[in-house]
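Bear in mind these aren't lab numbers, they're just calculated from the coordinates by the rules spelled out. Keep in mind it's a predicted model, so treat the numbers as computed, not measured. Note that we place each Cβ from the backbone using ideal geometry, even for glycine, and neighbour counts take in every protein chain shown.
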Amino acid sequence: MFQDTGPGIPPGQMGDLFEPFRTTKADGHGMGLMIVQRILRDHGGTVMVDSRPGGTRIQLNFPRDDQRIRLLAAPREKAPAESPA
């Protein structure tokens, strides 16, 4: 869990937190939270955000070890090259 004691996220921006290229920073790229959310989602986890005046809390929830997760496809093996006869 991560939290701060800042002013909080304005309610009008809460729905855009995980949208790509959305940022309020002059030098931001707007990719960080989107990448975090997608990685967690692909592994069965979630990201929860609670923001109020006085602070924001971001909680990362990972699946338990004994729960099955979606695995990435294994790379395909190339067939062995034939040697000249």
**OP:** Compute the distribution of all C-alpha to C-alpha distances in the range 2-50, in bins of 10 Å from 0, and list the percent of pairs in each, rounded to whole numbers.
**Re:** 23, 54, 22, 1
Original post:
In nm, to one decimal, how far is the modelled label at Asn61 from the one at His29, with both set 7 Å along Cα→Cβ?
Top reply: 2.9 nm
Original post:
What list of ³J(HN,Hα) values in whole Hz, one per residue of the range 50-59 in order, does the Karplus curve 6.51 cos²θ - 1.76 cosθ + 1.60 (θ = phi - 60°) give from phi, with Gly and Pro shown as x?
Top reply: 10, 10, 9, x, x, x, 10, 10, 10, 10
**OP:** Could you work out how far apart the two model spin labels at Arg41 and Arg76 are, taking each label as a point 7 Å from the Cα in the direction of the beta carbon, and quote it in nm?
**Re:** 2.7 nm
**OP:** Return the sequence-ordered ³J(HN,Hα) values of the range 43-49 in whole Hz as given by the Karplus equation 6.51 cos²θ - 1.76 cosθ + 1.60 applied to θ = phi - 60°, using x for Gly and Pro.
**Re:** 10, x, x, 9, 10, 10, 10
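Let me have the relative contact order for the range 2-50, percent, based on Cα pairs under 8 Å that are six or more residues apart.
Numbers: 26 pairs, mean separation 10.8, N = 49.
About 22 percent, as a whole number.
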**OP:** Report, by chain and number, residues whose modeled amide H sits under 5 Å from the one on Phe18, excluding near sequence neighbours (fewer than 5 apart, same chain).
**Re:** none
